[in-house]
Amino acid sequence: MSFLSQAKTKRFLAVHGWSGTVLGLLLYVCIFTGSIVVFDTEIDAWSQGLVTEERVLGPRIDHHFRTAARDVDRSYYDEVQIARTAEGDLRYTFHTHDTDPETGQLTEPTVIMTLDPDTGEVLERWEGLSSDRPREPGSALADFWVDLHVQLYLPNPFGLILVGVLGMMMMAAAISGIIIHSHVFRDAFVAGRSATRLVGARDLHVLAGTWGLPFAFILAFTGAFFGFATSVGIPVMATAAFGGDQEALIETVIGTPEEVDLSQAPMASLDYVIMEATERSGGTIGSIEIRNYDSAGAQIIVRAAAAEGNLSGTLLAFDGVTRSFDGERPFLGQVPSLGSSVIELMVPLHFGNFAGLASKTVWLGMGLAMAYVTATGMLLWTKRREDVPLWQGFRRWIVVTIWGLPVAMLTSAVTYFLSLPAGDPHWWTPVGFLLGAGFAIFIGSRRPDGPETLRLTNAALCLSLPLLRHLTGGTSWSEALIGGGADILVIDLILLVMGLALLRKSRQVRHERLMTQEPAE
């Protein structure tokens, strides 16, 4: 029995229903896509056919780096980033800060060099403004899916603001739902429940929401923070406390850079810095940033991955000339603080990447469960209002979104692979999504068997993608196994299993419909 009075229950039911229904379709899109892009690194490797997972920095890079730096003008030495590309090559990014004389806007003249990690041969060199940097064609699919989740493919800052609003709505729906269905805590832990207790969609909706409540709250809170922090938080704080001067706000939070000695001085060996950073952090080295390279005031910042048992990585600072350890650096600001620790903790909690594939798999499962809760919640809300034509029309759009979103995402993957040989994947991938979405809307709104047709479309797309990937020059399974590209094989197998499962479900639904002679929903 609920501890709320009937009037309060109705009030919370209204809050719960409207918070989950208003913009509920966008909330479903955000949750579903977020569940998928937890594996963005693996999707990127699968779509590009990469058979190497080597993205960490090891010793023996100092000689290659010094040789490459000699071919770059010293004006670009203000900041240097060293990292591995998705293909395993070394990439050096030299850039400085300047001001456009015509517009007065800050610019970043940049030189990017990609080298073979074994021979040091320069594979590619690019020079220009960072804003004009060409995008990597192979990353188009993963980039689009991530952008679809992060800001619903809307321009800044509107996408981030909307995602922040959806996060707040998700928290409201989760909290009000648990208050309404308070009895479910008792039912969720009682062993030996009768089989009749779990007979309806409502019970499954409530139980899934209850078990996933901590996860839903974490996702909603961190998602709302990431959505509002840069798009709303910084401008509002700057206006309230600094008269609109955002640079003054950032300097207050991060700190004013100290004056450094820019006189030329020999740099310490990066190989020794990497070895010491690895020993101190206990994790692998992901990237290196060198500030004021080749000067007496140079500083080396090493980003190390999380060591075993830790949720987040560390930033280690070294003197660029003497190689002495200057201490750990916080994620935000110049000195450790509670705020920096909390913000740093939000990243692994939101993306679920703190324990490799294990945590990512859990985040995927829980994310899909929350997508299920969102979808069934909207369906239950409209089911209770069958006598209102407006809600029944909305119910059809809910069903179209549930089945149409994966159709659109899979179609974007199809156009990505088709455009790789002779087109611009960054242009065609979102076009494919729109084509798939248009097809889903047309089928779902025009045909009485729309959901069944969309389910079969999803099955066909899942089954065809592994073959299409291979036919457009993708890595074969044998090459992936030999080269260590397990991501390619795993994602292909997941697509095949999903396709067969959807075909089996469609066959089961058709059989049940023939047995009962019921019309299609």
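The values are calculated or read from the model by the stated rules, or taken from the named source; none is laboratory data. Note that the coordinates shown come from a computational prediction; the quantities given were computed from them, not determined experimentally. Every residue, glycine as well, gets a Cβ built from its backbone with ideal geometry; the counts of neighbours run over all protein chains shown. Quick note on the areas: whole protein, heavy atoms, side chains included, nothing else; ligands and nucleic acids left out. Shrake-Rupley method; radii C 1.70, N 1.55, O 1.52, S 1.80 Å.
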Item checked: Residues located in segment 42-73, provided they are without any contact (Cβ under 8 Å) to a residue 40 or more places away in the chain and either surrounded by 23 or more Cβ atoms within 10 Å (Cβ to Cβ) or under 28 Å from L420 (Cβ atoms) (or both) -> E54
Next item on the list: Give the residue that is nearest to the chain's Cα centre (by Cα), with candidates limited to residues of segment 267-290 that are polar (S, T, N, Q) and within 10 Å of V56 (Cβ to Cβ).
Entry: S287
Notebook entry, point to check: What is the one condition in (1) modelled with pLDDT of 90 or more; (2) acidic (D, E); (3) open to solvent by 80 Å² or more (accessible area, probe 1.4 Å) that E259 does not satisfy?
Noted result: (1)
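So in segment 355-393, with the set limited to residues that are of a type in the set (F, W, Y) and buried (at least 19 other Cβ atoms within 10 Å of the Cβ), which one is modelled with the lowest pLDDT? Before you say what the answer is, go through the steps one by one.
Restricting attention to segment 355-393, the residues satisfying the condition of being of a type in the set (F, W, Y) are 363, 372, 381, 391.
So of that shortlist, the ones also buried (at least 19 other Cβ atoms within 10 Å of the Cβ) come out as 363, 372, 381.
Working: W363: 90, Y372: 88, W381: 76.
Across segment 355-393, the extreme among qualifying residues is W381.
Let's see how each residue does on (1) crowded, with 18+ Cβ neighbours inside 10 Å; (2) in a strand (DSSP E or B):
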site	(1), (2)
S75	no, no
I82	yes, yes
T93	yes, yes
T103	no, no
V111	yes, yes
T119	no, no
L123	no, yes
W126	no, yes
Notebook entry, point to check: Restricting attention to segment 306-316, which residues are open to solvent by less than 50 Å² (accessible area, probe 1.4 Å) and over 15 Å from I82 (Cα atoms)?
Noted result: A306, A307, S312, G313, T314
Next item on the list: For segment 1-69, please list each of the helices (runs of 4 or more DSSP H) lying entirely inside it that holds at least 1 residues being modelled with pLDDT of 70 or more.
Entry: 24-37, 40-48, 62-69
Next item on the list: From (1) over 25 Å from the mean Cα position of the chain (by Cα); (2) at pLDDT 80 or above, pick out the condition that doesn't hold for S412.
Entry: (1)
Checklist line | Residues satisfying the stated conditions in segment 457-485, i.e. open to solvent by 30 Å² or more (accessible area, probe 1.4 Å), touching an Asp or Glu at 6+ places or on another chain (Cβ under 9 Å) and in contact (Cβ under 8 Å) with a residue 40 or more places away in the chain | finding: G484
Checklist line | Checklist (1) open to solvent by less than 40 Å² (accessible area, probe 1.4 Å); (2) closer than 25 Å to T41 by Cβ applied to L502, failing item | finding: (2)
Next item on the list: Sort out which residues of segment 131-174 are free of Cβ contacts under 8 Å to residues at least 24 places away in the same chain and open to solvent by less than 20 Å² (accessible area, probe 1.4 Å), and write them in order of number.
Entry: G159
Next item on the list: Would you mind telling me which numbered condition in (1) at pLDDT 95 or above; (2) open to solvent by 20 Å² or more (accessible area, probe 1.4 Å) L420 fails?
Entry: (1)
Margin query: Suppose the filter is part of a helix (DSSP H, G or I) and closer than 22 Å to V72 by Cα; does S131 pass it?
Written below: yes
